[in-house]
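In what follows, a structure is listed as structure tokens, so that the remarks can point back to it.
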């Protein structure tokens, strides 16, 4: 059994979070390696960008990084207060702890920005949201990342991507890194994506 922590900020994008629960859940159902996903956040109720509300299983102060094999972070919208949580020291501390332990960290879209703010992307290849005249990419660059113009970028244990359109691919890359290529292919086929 593998365990993934899905860290949710206020204003997260529900679709970007759901790809992790679905793809990793399918591995538990049809794959060779079961993967459990646990949600966590700073609030008892977390409202996504489009007002869908989630009750996280853990609060950030209850997280034991040693229990998890990977961290997943969906992006979100500034207007929905995403950065209030995503840039909070509680979130940044968790990100640093996962990185210090050499664990896989997967982010989608602007989920890369708290990774950058935490300091773990200094000198690393990464990407983030590519529209809005490159504003988010400039922010990522200001954190010391080498921004690449690619939909999904993997540098060591860190996965970053450009937009919601890349979300499923990030989840499959995470599954492959967490388990095995054969397992990822089996899940992709069972879900109808192969």
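For the reader, a short list of remarks on this structure follows.
- The listed residue being exposed (fewer than 15 other Cβ atoms within 10 Å of the Cβ) and under 17 Å from the mean Cα position of the chain (by Cα), out of 107, 118, 161, 101: 101
- All conditions but one from (1) under 22 Å from residue 120 (Cα atoms); (2) in contact (Cβ under 8 Å) with a residue 60 or more places away in the chain apply to residue 40; the one that does not is (2).
- Residue satisfying all of: in segment 121-137; under 23 Å from residue 93 (Cα atoms) and without any contact (Cβ under 8 Å) to a residue 24 or more places away in the chain; surrounded by the fewest Cβ atoms within 10 Å (Cβ to Cβ) among these: 123
- Taken as a whole, the condition of being surrounded by 17 or more Cβ atoms within 10 Å (Cβ to Cβ), farther than 16 Å from residue 114 by Cβ and in contact with a strand residue (DSSP E or B) (Cβ under 9 Å, 6 or more places away or on another chain) applies to residue 27.
- If you go through segment 25-60 and keep only what is modelled with pLDDT of 95 or more, out of contact with any helix residue (DSSP H, G or I) (no Cβ under 6 Å at 6 or more places or on another chain) and not in a strand (DSSP E or B), you end up with 25, 43, 44, 45, 55, 56, 57.
- Condition met for residue 176 (touching a strand residue (DSSP E or B) at 6+ places or on another chain (Cβ under 6 Å) and surrounded by fewer than 20 Cβ atoms within 10 Å (Cβ to Cβ)): no
- Those residues of segment 106-133 which are within 22 Å of residue 49 (Cα to Cα) and in contact with a strand residue (DSSP E or B) (Cβ under 6 Å, 6 or more places away or on another chain), in sequence order: 106, 107, 108, 111, 112, 115, 127
The values are calculated or read from the model by the stated rules, or taken from the named source; none is laboratory data. Fair warning: this is a prediction, and the values are worked out from it, not measured in the lab. Every residue, glycine among them, receives a Cβ derived from its backbone with ideal geometry; neighbour counts consider all protein chains shown.
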